[in-house]
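Colleague: Take this structure, written in structure tokens, and hold onto it; I'll ask about it next.
The values are calculated or read from the model by the stated rules, or taken from the named source; none is laboratory data. These figures come from a predicted structure and were not determined experimentally. Cβ placement follows ideal geometry from the backbone for every residue including glycine, while neighbour counts extend to all protein chains displayed.
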Amino acid sequence: MESDSADTSISNEDQSGCHGNDEASETIAICIKNLCHSEDMTDVSFVFPNDGNRRVRAHKLVLSVRSPVFKAMFYGGLPENPENISIPDISANVFTEFIRYIYTDKAELDDRTVTELLYASNKYQFAAMMQKCEEYLLNALSVDNACTVFSQASVFDMTKLKAEVMSYINIHALEVFKSPDFQNLTKDCLADILSSEDITASEFDIIEAILQWAEQKCKSRDLEPTGMNMREVLGDLLYKLRILSLSLQQFSEIVAVSGILRDDEELCFYRYFSRGVKSETTSKFSAIERRRLPPLSVELGSIFSKGNRVGHMVARETFNFKVRKPFRLLQMEFMELPDVSPNFSYIQLTNCEEDNHVAHIKILETYMVEGSTHSETILETVRSNKIGKIRLNIEFNRKKENHRLTVNVRKHCHVCGVQTALNYQETGQTSNYNQFTGSSNKSYPTKSIADGIDLQIKEQHIVRLITLVKIPEEDA
């Protein structure tokens, strides 16, 4: 067993509980936070055999309040009460960070630790930490890590995260397929991606990427990357490739030369492409093309003017769409939360740390169909001050009249709950001179942002950029 000098609490700082002359004024949150920095009253130790039997001390009661797994472990029908609990599947440093979040609602996440923290959060069913990890992964999402994040979302059954990453992969398909990260996808994850109808890449490019993936998998198994070996690696993935949507020339250039088809199968395909003759072989493949219309990103600041900065407790931006051609809104990229408005400085009633501040985002959708008004909250989430990109999947078409999205953002401290005002810029208005009355009226302008899509925005500039894709008329 390690000596006492090897024992560690969550921090090396010499603090303990509610202490000092200010003891009576300390809140319960501060008391628990201070316990994190002390071995005072600890009653359990976690031992890490893969880190030199290093030990981390903690308090059973605090852990049990935050995690149902710890509650069952320490206070359930068959409680476990060993003095030392072995943790062989999580590193000591990551577990220390995990415990720190339990005590303080703070954790230092980075690309090296987020996966292991996600594993720990899932193991101990700590939903708050899982949400923190999900937020980090979404904010850090890029073409270089999208496949890894997609895999993690699949492993931990994070349905919402998986859907948002799938939307990102659909939009940036060609770049994602060419990234080294794509080669690390599992067969099951690749099957999920190939099932998407909205991949914005040609089937030729998709097949080329899949063949490169199969070649890499052969090499990792010390197999020669022959056509038949690649086919064995692909298995049923082969039938998710929409070979029949290719042209004869494309089939010859990418599929036939790869050797993944037997001679008799290849002959069936040539008969199909040259004479339209179907067979049992070709019937296993789809001829339906994916909806691969390229996405369009619209920088709102370059289209709409901005006014003065004005503080509001709840910042709001309203999007009024007029649609002549159907489209799907895929993503909103938010501006970073602005500083607190000086007009509302008195709202700062406590000495909250800036790290405790989060953005609460709510998006409402309203439209009319045949004279009936429909309204619903389509998204409600909490993000860091940077907010970043939020993936959506909202369809706009001519059947929905007066289609409006309302984005509400408020900033508050997640520890004490104090809300602060936001100092976004107002949306610019235009003056319309009435020659008969001699007066001017201000109004919000409506601008064309794409063929068949007009937009008017009101209130404040919160969203920097939107990404949309047109929907084929037959699918609308």
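Colleague: Do we find that residue 353 is at pLDDT 75 or above and surrounded by fewer than 16 Cβ atoms within 10 Å (Cβ to Cβ) in this structure?
Modeller: Values: at pLDDT 75 or above: no; surrounded by fewer than 16 Cβ atoms within 10 Å (Cβ to Cβ): yes.
So residue 353 fails the test.
Colleague: Of the conditions (1) at pLDDT 95 or above; (2) under 19 Å from residue 147 (Cβ atoms); (3) surrounded by fewer than 20 Cβ atoms within 10 Å (Cβ to Cβ), residue 196 clears all except one; give me its number.
Modeller: All conditions are met except number (1).
Colleague: Next question, about the same structure. Collect the residues in region 379-407 that are over 19 Å from the mean Cα position of the chain (by Cα) and part of a strand (DSSP E or B), keeping them in residue-number order. Walk me through how you get there before you give the answer.
Modeller: Let us first name the residues in region 379-407 that are over 19 Å from the mean Cα position of the chain (by Cα), namely 395-406.
Answer for region 379-407, where residues must be over 19 Å from the mean Cα position of the chain (by Cα) and part of a strand (DSSP E or B): 395, 396, 401, 402, 403, 404, 405, 406.
Colleague: Here is a list of conditions, (1) surrounded by 13 or more Cβ atoms within 10 Å (Cβ to Cβ); (2) in contact with a Lys or Arg (Cβ under 8 Å, 6 or more places away or on another chain); (3) at pLDDT 90 or above, and residue 427 meets all of them except one; can you say which number that is?
Modeller: The failed condition is (3).
Colleague: Among the residues of region 258-265, are any surrounded by 20 or more Cβ atoms within 10 Å (Cβ to Cβ) and in contact with a Leu (Cβ under 8 Å, 6 or more places away or on another chain)? Don't jump to the end; show me each part of the working.
Modeller: The first filter runs over region 258-265 and keeps only residues surrounded by 20 or more Cβ atoms within 10 Å (Cβ to Cβ), leaving 260-261.
Narrowing further to those that are in contact with a Leu (Cβ under 8 Å, 6 or more places away or on another chain): 260.
Among the residues of region 258-265, at least one is surrounded by 20 or more Cβ atoms within 10 Å (Cβ to Cβ) and in contact with a Leu (Cβ under 8 Å, 6 or more places away or on another chain), which makes the answer yes.
Colleague: For region 125-183, which residues satisfy the criterion of being in contact with a strand residue (DSSP E or B) (Cβ under 7 Å, 6 or more places away or on another chain) and closer than 18 Å to residue 195 by Cβ?
Modeller: The answer is 164, 167, 168, 171.
Colleague: Next question, about the same structure. Quick check on my filter: what residues within region 193-244 are in a loop (DSSP other than H, G, I, E, B) and over 21 Å from residue 166 (Cβ atoms)?
Modeller: 221, 222, 223, 224, 225, 226
Colleague: Would you say residue 252 is surrounded by fewer than 20 Cβ atoms within 10 Å (Cβ to Cβ), out of contact with any Leu (no Cβ under 7 Å at 6 or more places or on another chain) and in the same structural domain as residue 272 (by TED's automatic domain parsing)? Walk me through how you get there before you give the answer.
Modeller: On the way: surrounded by fewer than 20 Cβ atoms within 10 Å (Cβ to Cβ): yes; out of contact with any Leu (no Cβ under 7 Å at 6 or more places or on another chain): yes; in the same structural domain as residue 272 (by TED's automatic domain parsing): yes.
It is true that residue 252 is surrounded by fewer than 20 Cβ atoms within 10 Å (Cβ to Cβ), out of contact with any Leu (no Cβ under 7 Å at 6 or more places or on another chain) and in the same structural domain as residue 272 (by TED's automatic domain parsing).
Colleague: Moving on to the next point. Given (1) over 23 Å from residue 127 (Cβ atoms); (2) at pLDDT below 90, where does residue 376 come up short, assuming only one miss?
Modeller: That leaves (2) as the condition not met.
Colleague: Looking at 56, 47, which is the one that is modelled with pLDDT of 80 or more, part of a strand (DSSP E or B) and touching a helix residue (DSSP H, G or I) at 6+ places or on another chain (Cβ under 6 Å)?
Modeller: Working: 47 fails: touching a helix residue (DSSP H, G or I) at 6+ places or on another chain (Cβ under 6 Å).
None of the other options fit; the residue is 56.
A quick yes/no check of all residues on (1) under 14 Å from residue 381 (Cβ atoms); (2) in contact (Cβ under 8 Å) with a residue 60 or more places away in the chain; (3) not hydrophobic (A, V, I, L, M, F, W, C):
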position: 124; (1), (2), (3): no, no, yes
position: 131; (1), (2), (3): yes, yes, yes
position: 136; (1), (2), (3): yes, no, yes
position: 143; (1), (2), (3): no, no, no
position: 149; (1), (2), (3): no, no, no
position: 167; (1), (2), (3): no, yes, yes
position: 176; (1), (2), (3): no, no, no
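Colleague: Sticking with this structure for a sec: Whether any residue in region 287-308 is of a type in the set (Lys, Arg) and without any contact (Cβ under 8 Å) to a residue 12 or more places away in the chain is what I want to check. Give the derivation first.
Modeller: Quick first cut of region 287-308, residues of a type in the set (Lys, Arg) only: 290-292, 306.
In the following step, the residues that additionally are without any contact (Cβ under 8 Å) to a residue 12 or more places away in the chain were identified as none.
Taking every residue of region 287-308 in turn, none turns out to be of a type in the set (Lys, Arg) and without any contact (Cβ under 8 Å) to a residue 12 or more places away in the chain.
Colleague: To continue, here is another question. Can you find even one residue in region 173-184 that is closer than 28 Å to residue 247 by Cβ and not in a helix (DSSP H, G or I)? I'd like the intermediate steps shown before the answer.
Modeller: First, the residues of region 173-184 that are closer than 28 Å to residue 247 by Cβ: 173-179, 182-183.
Next, from what is left, pick out any that are not in a helix (DSSP H, G or I): 178-179.
The answer is yes, given that some residue of region 173-184 is closer than 28 Å to residue 247 by Cβ and not in a helix (DSSP H, G or I).
Colleague: Evaluate the following for residue 160: is it among the basic types (Lys, Arg), free of Cβ contacts under 8 Å to residues at least 12 places away in the same chain and either in the same structural domain as residue 111 (by TED's automatic domain parsing) or assigned to a helix (DSSP H, G or I) (or both)?
Modeller: On the way: among the basic types (Lys, Arg): yes; free of Cβ contacts under 8 Å to residues at least 12 places away in the same chain: no; either in the same structural domain as residue 111 (by TED's automatic domain parsing) or assigned to a helix (DSSP H, G or I) (or both): yes.
Answer is no for this residue.
Colleague: Sticking with this one: Just the residues that are under 18 Å from residue 58 (Cβ atoms) and in a loop (DSSP other than H, G, I, E, B), please, taken from region 109-155.
Modeller: Selection gives 124, 125, 126.
Colleague: Taking region 266-300 only, how many residues are under 30 Å from residue 327 (Cα atoms) and either surrounded by 14 or more Cβ atoms within 10 Å (Cβ to Cβ) or among the acidic types (Asp, Glu) (or both)? Let's see the steps before the verdict.
Modeller: Residues of region 266-300 that are under 30 Å from residue 327 (Cα atoms), as a first pass: 285-300.
With the extra rule that they be either surrounded by 14 or more Cβ atoms within 10 Å (Cβ to Cβ) or among the acidic types (Asp, Glu) (or both), the set shrinks to 285-286, 289-293, 295-296, 298-300.
Number of matching residues: 12.
Colleague: Residue by residue through region 245-264, note down the ones that are over 12 Å from residue 207 (Cβ atoms) and part of a helix (DSSP H, G or I).
Modeller: The answer is 248, 249, 252, 263, 264.
Colleague: Applying the selection to region 265-303, what residues are over 41 Å from the mean Cα position of the chain (by Cα) and assigned to a loop (DSSP other than H, G, I, E, B)?
Modeller: 276, 277, 278, 279, 280, listed by residue number.
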